[in-house]
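Notes to accompany the following structure.
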Amino acid sequence: MLEKKGSSLRIKVILTLGITLAAAIILTIAVFRFFLPGIPGFPEGGGRILVWLNRLVLLFVCFFSLIVFVHYALVGYSILRPIERLARDIHKITSSCRLPVNRRTFLEIQSLSASINVMLDKMTQSTMSTNVFRSIFNGIEAFLFVSDPESYRILFINRSMKKSFRLDDRVLGEPCWKVFQKDQDGPCTFCPLGKLKQNRGEVIVWEEFNALTGRYYKNTSDLIEWSNGTFVHLQHSVDISDLKIAEKEILAAKELAEYSNAAKTSFLARMSHEMRTPLNAIIGMTAIARQHSLDPEKVAYCLPKISEASVHLLGVITDILDMSRIDAGKFQLVSAEFDLYRMIHRVTEMMSFRIDEKHHKFNFSIDEGIPRFIVADEHRLSQVLTNLLSNAIKFTPPEGYITLRVQPVASQGNTLGLHFDISDTGIGIAEEQRSRLFMLFEQGEGDFSRKHEGVGLGLSICKSIVELMGGEIWVESQPGHGSSFIFEIVVHLGSPEMPGRPGGGLLPGMDIATGFSPGPAPAGGAVREEDGAAENIFSGKTILLAEDVEINREIAIAMLEDTAAKVECAENGVEAVRMFQENPGKYQCILMDIHMPEMDGIEATRRIRALEESFCKGNPPVFSKKIPIIAMTANVFREDVEMCLAAGMNDHLGKPIDFDEVMKKLKAHMR
C-alpha cells in the first residue's frame with residue numbers, strides 16, 4: 001500500500017511539471033504572437049523583433065525546462081526514492097523489524113527513519129515482554145490472573161486457572177468478581193485492591209473459600225508494571241484444600257489423642273478403684289474369717305462376700321482382656337446352635353437377686369414368632385444382655401421399672417433379624433453424653449458417674465460384639481425419663497423344634513407373648529444342672545489332674561470330693577505322660593493345665609495321643625476308646641481354645657474354675 005502511494009506521488013509531480021511547462025509556452029506564444037502586435041505604438045517593422053523575441057522565449061523555456069527536469073531528478077533521487085524505499089521497508093517490517101537508515105538522504109528522512117525504528121523497537125520490546133509474561137505465567141502450576149485495578153476487568157488468565165475454573169478466553173474483559181465468584185453482583189468485600197492502591201509495593205496474602213469450586217485457596221495479590229508500562233493487579237492463588245483437610249484431620253487426631261489420653265487416665269483411675277475395691281473385700285473378709293474361724297456364723301457371713309467380690313473382680317478382668325483383643329483385632333465369635341429362650345431365662349435368673357435387692361419391677365416379653373433354637377455366639381449374646389441389664393439395674397432407682405423385649409425384624413432364607421430392647425425408668429442420659437457412650441474407656445459424665453461403679457468398657461465391648469454379629473446398637477434417652485438400649489443382630493435359624501427334644505417347652509417362670517408382658521422376674525438363684533447334686537456320680541472312676549500349682553490342685557480336688565472320683569496328680573507334662581503310659585486304662589479323664597514346667601500341656605497331649613495310637617494297634621489292643629482330655633487353663637482366648645483342640649484335647653475349661661461348668665464337662669465326657 002505504501003509503495004503504491006510513492007509511485008502515485010512521482011506521477012503527480014511529473015504531470016504537474018509538464019502541465020506548468022506547457023502552460024508557460026502557450027502563454028508566451030500567445031503574448032508575442034497576438035497581444036504585442038496590437039499594442040498602439042508598436043513599430044511597423046517589428047516583425048523581425050518579434051521573431052527574435054520568440055527565439056529568446058523559446059530559449060528561455062528550454063532552459064527553464066532543463067532546470068525543472070534537473071530539479072525533478074534531484075528531488076526524485078533525494079526525496080521520492082527514499083520515501084519509496086521507506087514504503088517498501090515498512091511493508092517488510094514483519095520480517096526485519098527494523099528500517100535501514102540511508103545516510104545519503106536528507107536529515108529529515110534520516111530522522112523519520114530513526115523515529116520509526118525507535119517506535120519499532122518499543123513495539124518489539126512490548127510484544128516480547130507480553131509473550132515472556134504469558135509464557136512464564138502459563139508455565140506456573142498455580143492459578144494466576146491479571147486484572148485492571150480500576151475496572152476489575154480481566155486482562156490475562158493462565159492455563160492452570162482456566163482448567164481449574166473451566167474458563168476460556170471469552171472471559172477476558174469481564175470483571176474478576178463476576179468470573180471467579182458465585183452469585184456476586186459487585187466487587188468482593190475481601191478484595192485487596194483498595195489497600196494495594198493506598199500502599200503501592202505492598203504484597204497482601206489471604207486465604208479464601210471459593211463457593212464456585214468448593215475449594216480453599218491461598219491468594220497473593222500485588223500491583224506490578226505490565227508490558228505496556230501500566231500497573232495491573234496480579235493475583236497468585238494456590239489450592240490448599242488438601243492441606244486444609246490434612247490440618248483438620250491432624251487437629252481432630254490431636255484432639256482425639258488428647259481426649260483418649262484423658263479418657264485412659266480416667267479409665268486407669270476407675271480401673272484401679274474397680275479392682276482394689278473387690279480385692280479389699282476379698283482380703284478384708286478373708287482376714288475377718290480367719291480371726292473368727294471358731295465362729296461359724298461369722299465365717300458364713302464372710303464367704304458370700306468373698307465370692308461376690310471375686311465374681312466382680314473377674315468381670316473387670318474379663319472386660320479388660322476382651323477390650324484388649326478388640327483393640328488388637330483378634331476378637332472373634334464362635335457360633336453354635338443354642339436355646340435362645342433358655343439363655344434369656346438364665347440371664348434374667350442371674351439378675352434376679354440384684355433386681356429383688358432394689359425392689360425393681362422387671363418385665364420381659366419374647367415375640368412368639370421367634371424360633372427357640374438359633375445359631376449364634378451364645379456366650380457373647382448373653383454377655384451383651386447381661387451388661388445392658390446390669391446397667392439398667394445400676395442406674396434405675398429403687399421401685400423403678402426395667403423391661404426386656406425381643407422381637408423379630410426381618411428374615412431372609414435361613415437368617416433372622418432380632419430386635420432387643422432393654423428399657424428402664426432410671427436417671428437418663430444427656431444428648432452430649434450419648435454421643436460418647438459407646439467409646440472406649442468412656443462413661444457418662446455427671447453425678448451418676450461419681451455415684452456408680454464401672455470402668456467404662458462394657459458398652460464399648462457390647463458395640464463390638466453387636467457389630468460382629470452384623471447388627472448395630474444405639475440408645476434413646478432423656479435425662480430424668482429413663483433410657484432404652486436397643487440393638488439388632490442377624491442370626492441363623494437352628495434345627496426345627498421337635499417333640500421330646502431336650503429343652504423343649506416353656507421354662508419355669510418365663511412368659512412368651514406377642515407384646516409387652518408384665519410380671520415380676522422369676523425368682524431364684526443361678527441356673528444349675530437339672531439333676532442337682534453331684535454326690536457320688538463318679539464313684540469308681542479315676543481322674544488324672546496335671547497341674548503344677550499346688551493351690552490349684554487343692555481347689556480341683558476339693559471340687560471333685562463329693563463326686564467320689566479318685567484324683568491322681570501330676571505336677572508337669574512329663575509326669576502326666578509317664579503316669580498315663582504306665583497304666584493307660586486306669587484313667588477315665590485327664591484335666592490338663594497348659595503352662596507347666598519341663599513339658600507343657602499341649603505337648604503332653606500330643607504324646608498321650610501318640611501313645612494311644614500305639615496302644616490301639618497292639619495285639620491285643622489295650623483299649624479302643626481314646627481318653628477324654630479337658631484343658632483346664634487360664635488361657636481362655638479363641639486361639640487358645642483352638643490350639644488345645646488341635647493338639648487332641650476334647651474340651652476346654654477356663655480359670656477361675658466354675659463348679660457347674662466343671663460338672664457339665666465331666667458328665668459330658670465321662671458318662
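Yes or no, residue by residue, for (1) surrounded by 18 or more Cβ atoms within 10 Å (Cβ to Cβ); (2) touching a Phe, Trp or Tyr at 6+ places or on another chain (Cβ under 9 Å):
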| residue | (1), (2) |
| --- | --- |
| Lys195 | no, no |
| Val205 | no, no |
| Thr213 | no, yes |
| Glu225 | no, yes |
| Thr230 | no, no |
| Lys254 | no, no |
| Lys264 | no, yes |
| Glu274 | yes, no |
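Annotation for region 532-543: at least one member residue is in a strand (DSSP E or B), open to solvent by less than 80 Å² (accessible area, probe 1.4 Å), closer than 30 Å to Tyr587 by Cβ and at pLDDT 75 or above. Residues in region 307-330: is at least one open to solvent by 20 Å² or more (accessible area, probe 1.4 Å) and either within 24 Å of Gln412 (Cα to Cα) or touching a His at 6+ places or on another chain (Cβ under 8 Å) (or both)? No, there is no match, as no residue in region 307-330 is open to solvent by 20 Å² or more (accessible area, probe 1.4 Å) and either within 24 Å of Gln412 (Cα to Cα) or touching a His at 6+ places or on another chain (Cβ under 8 Å) (or both).
The strands (runs of 3 or more DSSP E) located wholly in region 332-414 that include 1 or more residues which are modelled with pLDDT of 90 or more and open to solvent by 50 Å² or more (accessible area, probe 1.4 Å) occupy 336-339, 361-366, 401-412. Among residues that are at pLDDT 85 or above, part of a helix (DSSP H, G or I) and at negative phi, Ile326 is not included.
Output yes when any residue across region 560-582 is in a loop (DSSP other than H, G, I, E, B), modelled with pLDDT under 85 and open to solvent by less than 70 Å² (accessible area, probe 1.4 Å), and no when none is. No, that holds for no residue.
Reported count of residues in region 156-193, each being exposed (fewer than 11 other Cβ atoms within 10 Å of the Cβ) and touching a helix residue (DSSP H, G or I) at 6+ places or on another chain (Cβ under 9 Å), is 3. Taking the listed residues Glu445, Glu431, Glu488, the one that is of a type in the set (D, E, K, R) and either open to solvent by less than 50 Å² (accessible area, probe 1.4 Å) or at pLDDT 90 or above (or both) is Glu488, with no other qualifying.
The values are calculated or read from the model by the stated rules, or taken from the named source; none is laboratory data. Bear in mind the structure is a predicted one, so any value in this text is a computation, not a measurement. Note that we place each Cβ from the backbone using ideal geometry, even for glycine, and neighbour counts take in every protein chain shown. Side chains included, ligands, DNA and RNA excluded: accessible areas come from the protein's heavy atoms. Shrake-Rupley method; radii C 1.70, N 1.55, O 1.52, S 1.80 Å.
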